[in-house]
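Peer 1: Dropping a structure here in structure tokens format, bear with me for questions.
The values are calculated or read from the model by the stated rules, or taken from the named source; none is laboratory data. What you are looking at is a predicted structure, and each value in this text was computed from that prediction instead of being measured. Every residue, glycine as well, gets a Cβ built from its backbone with ideal geometry; the counts of neighbours run over all protein chains shown. Note: accessible area is taken over every heavy atom of the protein model, side chains too, but ligands, DNA and RNA are not part of it. Shrake-Rupley method; radii C 1.70, N 1.55, O 1.52, S 1.80 Å.
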Amino acid sequence: MPGISGYRRVEDFTRLTATEIRVLEAVAEGLTNEEGAKTLSMQKGTYGGHLTNISNKLPVSGRAAQVHTAYLNGQLDRPKTADAPADFSEEDLRLWHLVATTTAKEIAQRLHVSTQIARGKIRDLMKRAGARNEAHLVKLGHAYQVLGVEVAAR
């Protein structure tokens, strides 16, 4: 769809394997590669291989966008609804949507700020949302119901 970096129709995606889904769930939890591999009882290299396969099957830029795309196309089960820990401004919600669909460099361009400032804004949003990293921020965005199918329509 226009306006979303790397977005493709659901039919265009190759289905993830059960193991790849478990790896992407670990990514959505905000786990590092080492933590994810340990949690899933696999070698770090094997875990990394699955991440590569996921990137080939969900060719959007970055893990946050991969998590978001997998929620939208039904390959990951949506997280349970949760109450947000804070009120978020329209600017926060716009940033959240950008994190879910594009890269920090593109976010900086769209916000007309430096990449360093964009990354600072993202870190601040992650802190207020309780996210470990950008992929976890996307999961929380779905849980807090600030991300969803409507993002694809923007």
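Peer 1: So is Glu34 surrounded by 17 or more Cβ atoms within 10 Å (Cβ to Cβ), at pLDDT 95 or above and not aliphatic (A, V, I, L, M) or not? Don't jump to the end; show me each part of the working.
Peer 2: Working: surrounded by 17 or more Cβ atoms within 10 Å (Cβ to Cβ): no; at pLDDT 95 or above: yes; not aliphatic (A, V, I, L, M): yes.
Considered against the rule, which asks whether it is surrounded by 17 or more Cβ atoms within 10 Å (Cβ to Cβ), at pLDDT 95 or above and not aliphatic (A, V, I, L, M), Glu34 comes out as no.
Peer 1: Considering only residues that are modelled with pLDDT of 95 or more and among the β-branched types (Val, Ile, Thr), which ones fall in the range 58-68?
Peer 2: Of everything in the range 58-68, just one residue is modelled with pLDDT of 95 or more and among the β-branched types (Val, Ile, Thr), namely Val67.
Peer 1: Among the residues of the range 86-98, write down those that are without any contact (Cβ under 8 Å) to a residue 40 or more places away in the chain and over 16 Å from the mean Cα position of the chain (by Cα).
Peer 2: Within the range 86-98, the first condition is being without any contact (Cβ under 8 Å) to a residue 40 or more places away in the chain, and the residues that meet it are 87, 89-92, 94-95, 98.
Asp87, Ser89, Glu90, Glu91 - these are the residues of the range 86-98 that are without any contact (Cβ under 8 Å) to a residue 40 or more places away in the chain and over 16 Å from the mean Cα position of the chain (by Cα).
Peer 1: Pick from Ser55, Ser41: which is at pLDDT below 95 and open to solvent by 40 Å² or more (accessible area, probe 1.4 Å)?
Peer 2: Ser55
Peer 1: For the range 54-85, what are the residues that are in a helix (DSSP H, G or I), in contact (Cβ under 8 Å) with a residue 40 or more places away in the chain and aliphatic (A, V, I, L, M)?
Peer 2: Ala64, Ala65, Val67, Ala70, Leu72, listed by residue number.
Peer 1: Report those helices (runs of 4 or more DSSP H) wholly inside the range 104-145 carrying at least 2 residues which are closer than 20 Å to Val27 by Cβ, touching a residue at least 60 places away in the same chain (Cβ under 8 Å) and not β-branched (Val, Ile, Thr).
Peer 2: Numbers: elements: 104-111, 115-129, 134-143.
Filter on the range 104-145 gives 134-143.
Peer 1: Now, a different point. From Arg78, Arg110, which residue is out of contact with any Asp or Glu (no Cβ under 8 Å at 6 or more places or on another chain) and closer than 25 Å to Glu20 by Cβ? Talk me through it step by step, then tell me what you get.
Peer 2: Details: Arg110 fails: closer than 25 Å to Glu20 by Cβ.
When all the criteria are applied, what remains is Arg78.
Peer 1: Being farther than 22 Å from Ala70 by Cα and aliphatic (A, V, I, L, M) is the filter; apply it to the range 100-124 and report the residue that is surrounded by the most Cβ atoms within 10 Å (Cβ to Cβ).
Peer 2: Looking at the filtered set, the residue picked out is Ala118.
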